[in-house]
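Just passing along the structure, written as structure tokens.
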Amino acid sequence: MKILLASSEVHPFSKTGGLADMVGALGKALAAAGHEVAIVTPLYRGIRERFTNIQPTEYRVDVPLGATRVQAGVMELKLGPRLTVLFVDQREFFHRLALYGENNSEYLDNPQRFIFFSKAVVHLARYHPWGLPDIVHVHDWPVGLVPVLLQHEQHSTGWQAPRSVMTIHNLAYQGRFAGATFALTGLPRNHFTPAGVEYFGDVNCLKAAINYADFLTTVSPRYAREICTEAYGCGLDDVLRARQSRLAGILNGVDYDEWNTHRNIHLRHAYSFRKMAGKAENKRDLQRELGLPARADVPLFATVTRLADQKGMDLLLAALEEMLATDIQFVLLGSGDPALQGGYQRLGQRHPGKVVARIGYDHALSHRIEAGCDFFVMPSRFEPCGLNQMYSLRYGAIPIVRRTGGLDDSVVDLTDDPEHADGIKFTELRTRALAMAIRKAIVLYQTPQLLATMRHNGMTADFSWSRTTEAYTKVFQRALS
Ligand code: ADP
């Protein structure tokens, strides 16, 4: 099959979260499975400098955007015999400090930027010499208008458009803009209805994809069920229920070429489930690096996260207030909500030698934290898939997770299955429940035999892409049928 993936972020070129990891890894995995794959993504500032083998091409995008036209170049990088990345080079829109916004506020022209990008994707699907794809697979709201744009192109010109698949990585981000934005799309007015692009008078890019894509997926089976309920549906549950027969939940895979403990440029000490000594050394190094007492006997808790409401970091802050009376260490790496950033920084100031809050984004440190910590905490309110708990399992860090979305699908608690247990789960969205889970972790740390068994179970659990790739191939076949 010929598959065109479109995403506003792709690891290793650009990343704000799991979306980038997933699309980068999916592209590689589909190509390895024999499909012909191209990934379309914006050329953000700095990418060319970091990847000097990116080549300019003759190809130009030229599309109408409201009353004007926008042009862009296309650069190319061949990552393998069947895997090409096409970078849309539109400096005015994408040559900026960040992907979506700065100082905690979105760029005001995000509608223009991503409606343009969606049109560029359709242009490439139709005219690029790479050839006509069978499937255009789009990811999240920034490319949510692609399915309707493809259909419109087909209806207005007679072109046989490819089928479209939308993967929802996070229903909370919908790309909702004022109704006047609709004029930028160039679509006929009959698409601006509740059965189309419109949502209470606004344009809603994700809703458009839910209504028009030939098939929908989301990134875990449990989240696929959750988003069809009012509690998790973010106002789109009725739209999703109407398409439930074309919605599948597929747990993301992990790119173990990148996330492993035996061959990893970010780790000083290699280790594996057979030889665990390196884990203790990574822990000691991490403690030293962060200015914590280098003690093996104290459990080290950690998290690496966006500081957004979704992640339940307010809950963790409150639980830590209680748990820091005991002998534990805690490390946070994250950025986002200024109130939470301040809260964790103050916690660090009040508990020197016990708590470290690193505000910022640091890819290499995130590997060292996974390798150095004993427990990785993810108390999410909702979690479409979550990748860090799966990275933690492979790194021998026991995940402490709330029973929701992909967290529930990927971690096994002692009460679920004692033989295969590899993590600690809690259900209630309350400080008490999380504090209780942390308490269980402290007891587990003092029970070496069980700790070793659970670590072993986690480190040998397999979330590699082969299973995931097969599931996506089936979805593409269903979209084509
Ligand atoms: P989400 O996509 O909702 O942010 P995921 O768990 O799916 O959550 O993916 C998050 C990804 O982003 C992980 O690879 C994680 O390590 C990374 N990440 C998040 N915050 C940071 C940070 N401050 N520094 C480094 N990596 C981070």
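The values are calculated or read from the model by the stated rules, or taken from the named source; none is laboratory data. What you see is a predicted model, and the numbers here were worked out from it, not measured in a lab. All Cβ positions, glycine included, derive from the backbone under ideal geometry; neighbour counts span all protein chains shown. Surface accessibility is based on the protein's heavy atoms, side chains included, excluding ligands, DNA and RNA. Shrake-Rupley method; radii C 1.70, N 1.55, O 1.52, S 1.80 Å.
Classify segment 129-214 from the C-alpha gyration tensor, please: rounded if a/c falls under 1.5, else prolate or oblate depending on whether a/b exceeds b/c.
oblate
Each residue of segment 25-35 in turn: what ³J(HN,Hα) in whole Hz from Karplus with 6.51, -1.76, 1.60 and θ = phi - 60°, glycine and Pro shown as x?
So the J values, rounded to whole Hz, are 6, 4, x, 4, 5, 5, 5, 5, 7, x, 7.
Compute the helix-to-body angle for 313-323: its Cα long axis versus the longest principal axis of the chain, expressed 0 to 90° and rounded to tens.
0 degrees
I'd like the orientation of helix 277-290 relative to the chain: the angle between its Cα long axis and the longest Cα principal axis, in ° from 0 to 90, rounded to 10.
The two axes meet at around 80 degrees.
Report the normalised scattering of segment 277-463 as log10 I(q)/I(0) at q = 0.11, 0.19 Å⁻¹, calculated by the Debye formula with identical scatterers on the alpha carbons.
Per q value, in the given order, log10 I(q)/I(0) is -0.41, -1.41.
Starting from the amide H of VAL70, placed 1.01 Å from N in the peptide plane, find each other amide H under 5 Å away whose residue is 5 or more places distant or on another chain.
Correct list: VAL63, LEU65.
Quick check on packing: order 143-154, 33-44 by the mean number of other C-beta atoms within 10 Å, highest mean leading. Walk me through the intermediate numbers first.
Working: 143-154: 24.0, 33-44: 22.2.
So the order, starting with the most tightly packed, is 143-154, 33-44.
What order, most packed first, do the peptides 456-467, 312-323 have when packing is the mean number of other Cβ atoms within 10 Å of each residue?
The most tightly packed comes first, giving 312-323, 456-467.
I want to check a number: in the chain, how many lysine pairs have alpha carbons closer than 17 Å, given a sequence separation of 8 or more or different chains?
For the chain, the number of qualifying lysine pairs is 9.
Magnitude of the Cβ-charge dipole of segment 277-463, K/R +1 and D/E -1, about the Cα centre, nearest 20 debye?
Dipole size: approximately 540 debye.
Next up: Taking the highest mean first, how do the peptides 291-298, 107-114 order by number of other beta carbon atoms within 10 angstrom per residue? Spell out each step's value before the answer.
Details: 291-298: 12.9, 107-114: 18.2.
Ranking, from highest mean packing down: 107-114, 291-298.
On a 0 to 90 degree scale, rounded to 10, what angle separates helix 448-460 from the longest Cα axis of the chain?
The answer is roughly 20 degrees.
So what's the back-of-envelope 222 nm ellipticity for the chain, counting only DSSP H runs of four-plus at -39500 (n - 2.57) apiece and dividing by all residues, rounded to 500?
Theoretical 222 nm ellipticity from helices: -11000 deg cm²/dmol.
For segment 180-197, what does the Karplus curve 6.51 cos²θ - 1.76 cosθ + 1.60, with θ = phi - 60°, yield as ³J(HN,Hα) per residue in whole Hz, taken in order and with x for Gly and Pro?
4, 4, 3, 4, 5, 6, x, 7, x, 4, 5, 7, 8, 9, x, 7, x, 8
Taking only protein heavy atoms into account and a 1.4 Å probe, give the accessible area per residue of the chain in Å².
Per-residue value: 40 Å².
Multiply the residue gap between ASP362 and GLU92 by 0.36 nm, knock off their C-alpha separation, and tell me the result in nm, one decimal place.
Gain on stretching ASP362 to GLU92: 94.5 nm.
Same structure again: What shape does segment 205-350 have by the C-alpha gyration tensor, where a ≥ b ≥ c are the square roots of the eigenvalues, rounded means a/c under 1.5, and otherwise prolate means a/b greater than b/c and oblate the rest?
Working: a/c = 3.02, a/b = 1.65, b/c = 1.83.
It comes out oblate by the Cα gyration axes.
Report the FRET efficiency, 1/(1 + (r/R0)^6), for VAL443 and GLN55, where r is their Cβ-Cβ distance and R0 is 51 Å, rounded to 0.05.
Computed FRET efficiency for VAL443 and GLN55: 0.35.
Could I get the Rg over Rh figure for the chain? Both from C-alpha atoms, Rh via Kirkwood, rounded to two places.
Working: Rg = 22.8 Å, Rh = 23.3 Å.
Dividing the radius of gyration by the Kirkwood radius yields 0.98.
Where in segment 172-273 are there chymotrypsin sites (Phe, Trp or Tyr not before Pro) that are in a DSSP coil and have at most 10 other Cβ atoms within 10 angstrom of their Cβ?
Those satisfying the criteria are PHE200.
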